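Written below as structure tokens is the structure these notes are about.
The values are calculated or read from the model by the stated rules, or taken from the named source; none is laboratory data. These numbers come from a predicted model, not from an experiment. Here the Cβ positions follow ideal geometry from the backbone for every residue, glycine too, while neighbour counts run over all protein chains shown. Note: areas computed on protein heavy atoms with side chains; ligands, DNA, RNA excluded. Shrake-Rupley method; radii C 1.70, N 1.55, O 1.52, S 1.80 Å.
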Amino acid sequence: MMKSKQLRESFLSFFEEKKHTRYPSASLIPQNDPTLFFTNAGMVPFKNVFTGQEKLKSSRATSSQKCMRVSGKHNDLENVGRTYRHHTFFEMLGNFSFGDYFKKEAIEYAWEYLTEVLKIDKTRLWVTVFREDDEAEELWIKHSDVKAERIIRMDEADNFWSMGETGPCGPCSEIHYDHGEHPEKATQEDFIQDTSGSRFMEIWNLVFMQYNRDQQGTLHPLPKPSVDTGMGLERLACVIQGVSSNYDSDLFTPLLEKISQLCQKEYGESEQSDISMRVIADHIRATGFLIADGVLPSNEGRGYVLRRIMRRAIRHGRLLGLTEPFLTSILPILIQNMGEVYTELKQNQKFISEVIQAEEERFLETLEKGLDLINQEIKNLQKNQQKTLSGEVAFKLYDTFGFPLDLSETIAEEAGLTIDHQAFSQLMEGQKQQARASWKGSGESATQEIYQSLKQNKIDTEFVGYQSLDAIAKITAIVQAGQRQDEIQASESGEIFCDLSPFYGESGGQVGDSGEIIGGESHAWVEDTQIPLSGLISHHVKVDKGSLKVGQEVHLKVKRQHRIPTRLNHTATHLLHAALRETLGEHIKQAGSLVTPERLRFDFTHFKALSPEEIITIENRVNEKIREDLAVEKKVMTYKEAIQSGAMALFGEKYGDEVRVLKIDDFSVELCGGTHVDRTGEIGLFKMINEASVAAGVRRIEAITGAVSLEYLRRLEQQQQQIAKTLKVGQDEILERLAKQGDQLKKYEKEINQLKTQLATGSSSSNNSKLEENISEINGTKLLALQTQLDDIKALRNLSDQLIQKLGSGIVLLVNTDQSKLILIVRVSKDLHQKFQAGKLIQELAPLIGGSGGGRPDMAQAGGTNIDGVKDVLNKIKELL
């Protein structure tokens, strides 16, 4: 029996023999499609190749692509675990032709691989084609052993693929596997009736991109038709290993065995338990791979999807009796089985485990709060003899506490209640619309048609900025407001494209260059430089003199004061990355960066704030490498050669066939296309100025280098001199003087609060009578209500202690105003606890000052900001008594 690892390699090797170039899986975060949450098909990384925006050296490709289907059109989440076929994370095996071979070869290759390499029983294979695709049907009959009666024509919904409303599209042909007991007796009627796919399982989809659909919906034949195929590894493993469920293949059985061991239940003994085990097995795969690719649990975007997946797994763990964190116990099994192929899992194992552990602990706390909420709601409903839990409560449980709807339904059913599904659905739809409105995609903006048009017209830019900061070039295109122009006049803004350019376009975290373009008597300022498409450099200009024309020869000059300090900061970023990994561990991974002339910003994966000692160690290590004046080597090589040489690729970044490797001695080796110094000594000085959290599990360091860092230190020195002058001490005595002044200030504040307390409690006879004026008796209960102005909460509580003692039996209400902040304290003497409780009284009063609070029967506290509500508080306490 062939293992899944062997299957994957078998597929890729087969197509390599057919002259396809093997490509590694791209990240689950799409880098060339702003409309997608996740990479959901094998063709996604090649989308711009299919549309002609990018070119690869090879016109044939093959890959095993990591995919996720949990949002949008392809949303399999709710089916996961309940069927044998659906998954959130899966691998898609694919072979692609970019204007090379077409239907004949695609069909021949597919049939050869399935029937000759894998030896699949031909009687179990069925084929579907698009209803109008006579050519595909004829090719299947001619170039395979499939019988004509086993080729079924399907409508557009099933067998016609399109990239969008416009653009490349075409018919597709699907290969299905018959799981039935007597495949030789199967009929077309059997196939058509099996709408669930439980018997006839689709295993391979061959898409023939042969048309371009225009705005009017008309199909135009493509000059170079292409092929995009996709076959799920999980389904193929199911077929080859002779099992009826994907979960019985070796991709899942080790995970299920571990889950079974943890919950002490046998897989297969109960359908309900089996569903929960399958959910956990699927979701740990999705969780591990998403975190490895840089997604972290959050309340928006991809992070929210990850959080939902994890919480769904945790919920099913509880159904199996797992009340303590358990997902990290399953993670090593996933990494053991898949870490060799997907090395990012092994490299980030410690970090993935930390993220899972933290999220699981957090959700278990949230789960308890959610259970408290739903139990309280159920009590209220039962008390009022109502039978329906509101959709609003169910949605709050879902949205705030991460409760899947089925969890709320189960709890409600146990209490004899139902849920208002209509209201819940309306709130869910509102949330989806809001998410769609705020979705920013992959962080890239959609490529405008004008840039695609430029590429199709062979307009490219050779970047010469590594060698020089100025160059003589020819203007090849001018664009204004998305339209091509022949000329751009003085006072106008637009984009200029040239055949070559020394200007660096914004990418890899480094900002675009600025400078000037000179053409005879004409002049334009380059305000920014962008790369709208690979190989296309756009100079964003404002013409201040004369005019510039297409075909004109011009002098391009990069602003040195912009580029030079940017180079220093970019190389320093690489040194910082290496120092972080060396000091904190290999789990450190770049999560974002910004390199400008003024400073650098580096985001990295780490779960806690850096200690002062760690900051000093990292800063010292970077400066040590600067002082060593190490050579900064830059080499261009293939991606495979670069990885084999030990270069670090950043997950989420998209790399071409050839990459640029930046090597700083043996300290740092990374793939990077940015501009850098030649020797580290040029950086001069590296100074970290801030370290903070920017998201769960992501820290940010801001730093400066060169002349900017020297100026920063001078400013600090000037401030220190000014402080010393103000305090009238030497600079080395500043801390001692501040400590003394701090002690004196605390002493004075204490004395002031003591005096205020004496005034409030009435230490003198006159104050005593004033205190008595604030005591009233309501319905047989004494109430002492006072307004105070203490700026120390401890002093306020002490005051409440003294007042309740003086009062003996009764209730004390303190309303403390400290600038714009209000604090309420309620005290109730012990003899009144049967009648009044401080905690319940404070809950009635707190909303009147726009706040909330709580406490014990004898003492409670609340805070708020609505000072206008003080009068209402005083009236309300009397009303309650």
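Look at the dipole of region 45-179 built from charges on Cβ: of HIS176, CYS67, SER144, the Cα furthest out on the positive end belongs to CYS67.
Estimated at 0.36 nm per residue, the fully extended path between ASN620 and LYS5 surpasses their Cα-Cα distance by 216.9 nm.
Normalised by the number of residues in region 507-638, the mean separation of alpha-carbon contacts (under 8 Å, six or more apart) gives a relative contact order of 21 percent.
Here r is the Cβ-Cβ distance between LYS545 and ARG679 and R0 is 41 Å; the resulting FRET efficiency, rounded to 0.05, is 0.60. In the chain, what percent of the accessible surface is made up of carbon and sulfur (1.4 Å probe, ligands and nucleic acids excluded)? Reported share for carbon and sulfur atoms: 46 percent.
When only DSSP loop residues count, what GluC sites (Glu not before Pro) in region 222-269 have their Cβ near at most 11 other Cβ atoms within 10 Å? Counting only loop positions with at most 11 other Cβ atoms within 10 Å, the GluC sites (Glu not before Pro) in region 222-269 are GLU266, GLU269. Here the contact order of region 105-203, divided by its residue count and restricted to Cα pairs under 8 Å and six or more residues apart, works out to 28 percent. When the chain is described by a simple charge dipole with +1 on each Lys and Arg Cβ and -1 on each Asp and Glu Cβ, the residue from GLY585, THR418, GLY230 located farthest towards its positive end is GLY585. Applying 1/(1 + (r/R0)^6) with R0 = 41 Å to the Cβ-Cβ distance of SER852 and GLU506 gives a FRET efficiency near 0.30. Taking the charge dipole of region 1-146 about its Cα centre, with +1 at Lys and Arg Cβ atoms and -1 at Asp and Glu Cβ atoms, the residue from LEU114, HIS86, SER27 reaching farthest to the positive side is SER27.
Taking the Cα of LEU880, stepping 7 Å toward and past its beta carbon, and measuring to each backbone N in region 802-837: which are under 16 Å? Inside the label zone: 810-816, 823-830, 832-837.
Peptides 242-252, 731-741 ranked from most to least packed give 242-252, 731-741, packing being the mean of other C-beta atoms within 10 angstrom over each peptide's residues. Pairs over the 28 Å Cα-Cα cut-off, from the set LYS3/LYS57; LYS728/LYS794; LYS589/LYS635; LYS725/LYS746; LYS122/LYS258; LYS57/LYS103: LYS3/LYS57; LYS728/LYS794; LYS122/LYS258.
Length gained on full extension, ASP399 to LYS635: 80.0 nm, using 0.36 nm per residue less the C-alpha separation.
Distance between the pseudo-spin-label points of ASP214 and SER298 (7 Å out from Cα toward the beta carbon): 4.3 nm. Simple spin-label estimate for GLN426 and ALA785 gives 4.0 nm between the two label positions (7 Å along the Cα-to-Cβ direction from each Cα). Summed over the residues of the chain and divided among them, the accessible surface reaches 48 Å² per residue at a probe radius of 1.4 Å.
With the highest mean first, a sort of the peptides 318-329, 337-348 on other beta-carbon atoms found within 10 angstrom per residue produces 337-348, 318-329. Fully extending the segment from GLU368 to TYR748 would add 132.3 nm, taking 0.36 nm per residue of separation and subtracting the current Cα-Cα distance. If I fit a long axis through the Cα atoms of helix 612-627 and take the longest principal axis of the Cα atoms of the chain, what angle between them do I get, 0 to 90°, rounded to 10? The two axes meet at around 40 degrees. Averaging the sequence gap over all C-alpha pairs within less than 8 Å and six or more residues apart, then dividing by the number of residues, gives region 247-390 a relative contact order of 22 percent. For region 834-875, the set of trypsin sites (Lys or Arg not before Pro) satisfying both a DSSP loop assignment and a count of at most 14 other C-beta atoms within 10 Å is given as LYS835. Among 681-693, 474-486, sorting by the average number of other beta carbon atoms lying within 10 angstrom of each residue, highest first, gives 681-693, 474-486. Between 0 and 90 degrees, the angle of helix 103-112 with respect to the longest Cα principal axis of the chain falls at about 80 degrees.
In this structure, LYS387 and GLN188 have a Cβ-Cβ separation that, at R0 = 51 Å, corresponds to a calculated FRET efficiency of about 0.55. For region 699-723, the residues whose amide N sits under 18 Å from a probe point set 7 Å from the Cα of GLN731 along the beta carbon direction are 709-723. A simple spin-label model places the labels of ARG22 and ALA481 5.3 nm from each other, with each point 7 Å out along Cα-to-Cβ.
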